[in-house]
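Q: Dropping the structure in here first, questions after.
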Amino acid sequence: MTAPKVLLGVAGGIAAYKSAELLRRLTETGHSVRVVPTESALQFVGAATFEALSGQPVHTGVFTDVPSVQHVRLGQEADLVVVAPATADLLARAVQGRADDLLTGSLLVARCPVFLVPAMHTEMWEHPATRANVATLRERGSIVMEPASGRLTGKDTGPGRLPDPAEIAELARLLLERADALPRDLEGRRVVVSAGGTREPLDPVRYLGNRSSGRQGYALAKVAAQRGARVTLVAGHTAELADPAAVEVVKVGSALEMREAMHAAAKGADAVVMAAAVADFRPSSLAEHKIKKDGSEPEALHLALNPDILAELVAAREPGQVVVGFAAETGDATTDVLEYGRRKLAKKGCDLLLVNWVGEGGAFENTENQGWLLGADGGETVVPNGSKALLASRLWDAVAARLA
Ligand code: CTP
């Protein structure tokens, strides 16, 4: 298989320095990347950096390498165009259909997915001119990422930060897997997603935990936010994952804390997805001080049953609210994964259940995932193997269809 061709446009903002890391991530995951910066981007990062990291020449204007008609060829050949950062000026020029440099010329020619990742000061992002430009670009089919909030170049904070390069790379890969993975069909919706594993404390330093990385729940939150939803992510323990852009993150520890956070967030939400690996049991008592060894046989550990948060959310479901569960199954000698999934859907009473096969090489700690999406209406869809973001996009398709 030939490497997917990505055209990485870089506009002239301070966040341009992060495009070098994005480039690295894209090349390391097997993409062939051609970097097309604007003249002003080169004020921030030298062409040599992009050339060395991409292994390809770097030009900004339409008058270099004229015989190969670059300003047409690069856009035509690309499987994906990513512009990160996309400044307010670049967005405005894209709206006008300018073609006065290689990047804007390529944008006019590209017929592949165009993924624009804005980064600018909050005032610029919120200005009616930029709002209108973003709306126009989205209407025309470009995917314009919601920026992250946080510290900007100066002392100011607010929306406008370039999202984490790992998140941009993850969504870029998603668009190569599925060009229509990020429609704005959750605009005006509020969704809640749980992720990661809970930690059930035994004493001040010890806990019972599980192997959940939280990646699937984080992917769900990222994809929902980029489809226009207001997202609350209730996160237990995860691998080291950066907060997704445009997502409110609520960190919790134990199942009981997750239960409280989920009930609070679910009020008035359009959809609630339990992707967390909630511990079924917790130590029945929490030692006030660290448990010490004294040479004698250790005491047996007594466990208490945790509440089933998903079942409680189903019981408290508001009219029209869509509740989604996950089932991690290994199957056994008598019953296969799908059959266990069907039984769990019936038992839990949720609207949708995503059934994963787990075990050696299965979903946990893995970047890929596959399974079946079962509906209370009897619908069964195979979710083929792909990134966790791809699975997330399929799940939100089903949720959006139920909300419509
Ligand atoms: N879940 C939950 N609260 C729990 C346990 C699980 O909300 N205390 C949710 C999970 O987030 C997931 C779904 O329930 O969405 C399925 O979890 P699972 O552990 O597979 O189901 P169980 O009912 O525990 O079934 P079993 O252990 O028998 O497979």
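Q: How about the stretch 226-269: which of its residues are assigned to a helix (DSSP H, G or I) and within 16 Å of the ligand (Cβ to nearest atom)? Before you say what the answer is, go through the steps one by one.
A: As a first pass, look at the stretch 226-269 and keep what is assigned to a helix (DSSP H, G or I): 226, 255-266.
Those that are assigned to a helix (DSSP H, G or I) and within 16 Å of the ligand (Cβ to nearest atom): ALA255, LEU256, GLU257, MET258, ARG259, GLU260, ALA261, MET262, HIS263, ALA264, ALA265, ALA266.
Q: With a cut-off of at least 2 residues that are charged (D, E, K, R), name the helices (runs of 4 or more DSSP H) lying wholly within the stretch 1-97. Working first, answer last.
A: On the way: elements: 16-28, 47-54, 70-77, 88-96.
Helices (runs of 4 or more DSSP H) meeting the threshold: 16-28, 70-77, 88-96.
Q: May I pose another question? Which condition breaks for VAL272 when tested against (1) over 21 Å from ALA398 (Cβ atoms); (2) more than 9 Å from the ligand (Cβ to nearest atom); (3) in contact (Cβ under 8 Å) with a residue 24 or more places away in the chain?
A: (1)
Q: Name the pairs whose Cβ atoms lie under 6 Å apart, with the first residue in the stretch 309-334 and touching a residue at least 40 places away in the same chain (Cβ under 8 Å) and assigned by TED's automatic domain parsing to the domain that holds SER194, the second away from the ligand (no atom under 13 Å from the Cβ) and assigned to a helix (DSSP H, G or I), and 6 or more positions between them or separate chains?
A: Going by the 6 Å Cβ cut-off, the qualifying pairs are VAL322/VAL399; VAL322/ARG402.
Q: Which condition from (1) within 24 Å of LEU175 (Cα to Cα); (2) touching a His at 6+ places or on another chain (Cβ under 8 Å) is the one that ALA99 breaks?
A: Going through (1) within 24 Å of LEU175 (Cα to Cα); (2) touching a His at 6+ places or on another chain (Cβ under 8 Å) one by one, ALA99 breaks only (1).
Q: Kindly provide the set of residues from the stretch 181-198 that are part of a strand (DSSP E or B) and among the hydrophobic types (A, V, I, L, M, F, W, C), ordered by number. Step through it out loud before you land on a result.
A: Pass one, the stretch 181-198, residues part of a strand (DSSP E or B): 190-195, 197.
Correct list: VAL191, VAL192, VAL193, ALA195.
Q: Looking for something within 16 Å of the ligand (Cβ to nearest atom), touching a residue at least 60 places away in the same chain (Cβ under 8 Å), in contact with an Asp or Glu (Cβ under 8 Å, 6 or more places away or on another chain) and part of a loop (DSSP other than H, G, I, E, B) - is there at least one such residue anywhere in the stretch 290-298? Full working, then the answer.
A: Here is the first cut: in the stretch 290-298, the ones within 16 Å of the ligand (Cβ to nearest atom) are none.
No; the residues of the stretch 290-298 include none that is within 16 Å of the ligand (Cβ to nearest atom), touching a residue at least 60 places away in the same chain (Cβ under 8 Å), in contact with an Asp or Glu (Cβ under 8 Å, 6 or more places away or on another chain) and part of a loop (DSSP other than H, G, I, E, B).
Q: Being among the aliphatic types (A, V, I, L, M) and either without any contact (Cβ under 8 Å) to a residue 24 or more places away in the chain or under 21 Å from PHE44 (Cβ atoms) (or both) is the filter here; which residues of the stretch 75-96 pass it?
A: VAL81, VAL82, VAL83, ALA84, ALA86, ALA88, LEU90, LEU91, ALA92, ALA94
Q: Here's another thing I want to ask about it. Can you spot a residue in the stretch 186-206 that is over 11 Å from the mean Cα position of the chain (by Cα) and under 16 Å from MET145 (Cβ atoms)?
A: Filtering the stretch 186-206 down to residues over 11 Å from the mean Cα position of the chain (by Cα) leaves 186-206.
If we keep only those that are under 16 Å from MET145 (Cβ atoms) too, we end up with 186-187.
Yes, the conditions are met somewhere in the stretch 186-206.
The values are calculated or read from the model by the stated rules, or taken from the named source; none is laboratory data. Bear in mind that the values here come from a model prediction, so they are computed numbers and not experimental data. Positions of Cβ are generated from backbone atoms using ideal geometry, with glycine treated the same way; all protein chains shown enter the neighbour counts.
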